[in-house]
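All remarks here apply to the structure that follows.
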Amino acid sequence: MSSEYEARQPNFHIYPIILRKSAVGAACFSTFRFKNDSIAQIRQNDMRQKARLLLSCACSNISFVTSMNFYQIEAGTGQHIGDRKEQQDRVALLAAPKAPGYMLAVLADGMGGVQGGAMAAEQIIRTAKQNFDEFSPLTHDVETLLKTIVAESHTIIRLIGMSEESDPHTTVVALVLTPDRKAIWAHAGDSRLYRFRGPNFAEHTIDHSLVETMVAKGELTREQAKNHRMANLLVNGLGSKKEPYVTIGQYQNLQPGDSFLLCSDGLWHYFSEAELGAAIAMNTPRQASEMLIGKARERAHGKGDNCSLAVIKLVARSTA
């Protein structure tokens, strides 16, 4: 038998539930601006690029006043193809028609060869929208919603993979903000959520990766894990034979100055927590997205993965 960590095929590896991130990626950009008293649904279109061009960052801006009139939400998204042939990341900001004041940010990093990863990531966005369209706080709770999005997406990805004889997989990270100043998030894989208070780092999700299990056991430091030869091996994700598990996090009493970053490993790999916090605190979501993607491209030295992010900032309401 071959080594435990030897890939069964060039783009993907399972042994028995460890996933190897594909070396094939994708990229796209678009620009949009929304300003509304309720959350505007935002969906970033999949615009495939034949040339690997550094375009202006795909961004959206939102202004949203909660029912408590405590703060406004400003949000932006960005993507870049990196140095891959295909954009396999997807990111979206969504509104809940039956739940005024709720917003959902979701990001997926697909893998599994040409178009397989893109299909898996796209399914996350589609399932998230379908479920959030039907979400009501009178009959549903947020944690169940997030788990349902992951479970349903996984089932569909598996079925499509079997019918097309492909091997699609994806990570996911999703965040819901509620009108009562709560944040609830979920993730599977190594796409991350960061939470900041002003420029100060508060926490981030822990990757479902082999190196993180080694860090937890004291076998590696987190800095050693970042550039470890097995850093791209995942122990959890959507699309494998084993049901994915979901890690849930939450924070209450949100206030102006709080912010969140959802991002794929094509972005977070190149930054310290302090750098991310400063970039988000000192800039609008659009400016921060452009700055971070630009710097990630610079630091990748022509070897970068797909790069995607969503920035969500809570700002004090204007008294004007």
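The values are calculated or read from the model by the stated rules, or taken from the named source; none is laboratory data. Bear in mind the structure is a predicted one, so any value in this text is a computation, not a measurement. Using ideal geometry, Cβ is built from the backbone for each residue, glycine included, and neighbour counts are taken over all protein chains shown. Quick note on the areas: whole protein, heavy atoms, side chains included, nothing else; ligands and nucleic acids left out. Shrake-Rupley method; radii C 1.70, N 1.55, O 1.52, S 1.80 Å.
Glu223 satisfies every condition listed in (1) surrounded by 17 or more Cβ atoms within 10 Å (Cβ to Cβ); (2) charged (D, E, K, R); (3) closer than 23 Å to Ala279 by Cα except (1).
Considering the range 168-180, the residues that are surrounded by 21 or more Cβ atoms within 10 Å (Cβ to Cβ) and assigned to a loop (DSSP other than H, G, I, E, B) include one that is modelled with the highest pLDDT, namely Thr171. The set of residues in the range 139-166 that are farther than 20 Å from Gly101 by Cβ and within 21 Å of the chain's Cα centre (by Cα) comprises Lys147, Thr148, Val150, Ala151, Glu152, Ser153, His154, Thr155, Ile156, Ile157, Arg158. Put simply, of Leu267, Leu233 the only residue that is modelled with pLDDT under 95 and either basic (Lys, Arg) or open to solvent by less than 40 Å² (accessible area, probe 1.4 Å) (or both) is Leu233. Among the residues of the range 59-92, the ones that are in a loop (DSSP other than H, G, I, E, B), open to solvent by less than 10 Å² (accessible area, probe 1.4 Å) and at pLDDT below 50 come to 2 in all.
Inside the range 190-220, can you point out the residues that are open to solvent by 60 Å² or more (accessible area, probe 1.4 Å) and within 22 Å of Ser240 (Cα to Cα)? Within the range 190-220, Ile206 is the sole residue that qualifies. Looking only at residues in the range 101-144 that are β-branched (Val, Ile, Thr) and under 26 Å from Met162 (Cβ atoms), the one that is surrounded by the most Cβ atoms within 10 Å (Cβ to Cβ) is Ile124.
Would you confirm whether any residue within the range 139-160 is under 27 Å from Val315 (Cβ atoms), touching a residue at least 60 places away in the same chain (Cβ under 8 Å), out of contact with any Gly (no Cβ under 6 Å at 6 or more places or on another chain) and in a loop (DSSP other than H, G, I, E, B)? No, the conditions are met nowhere in the range 139-160.
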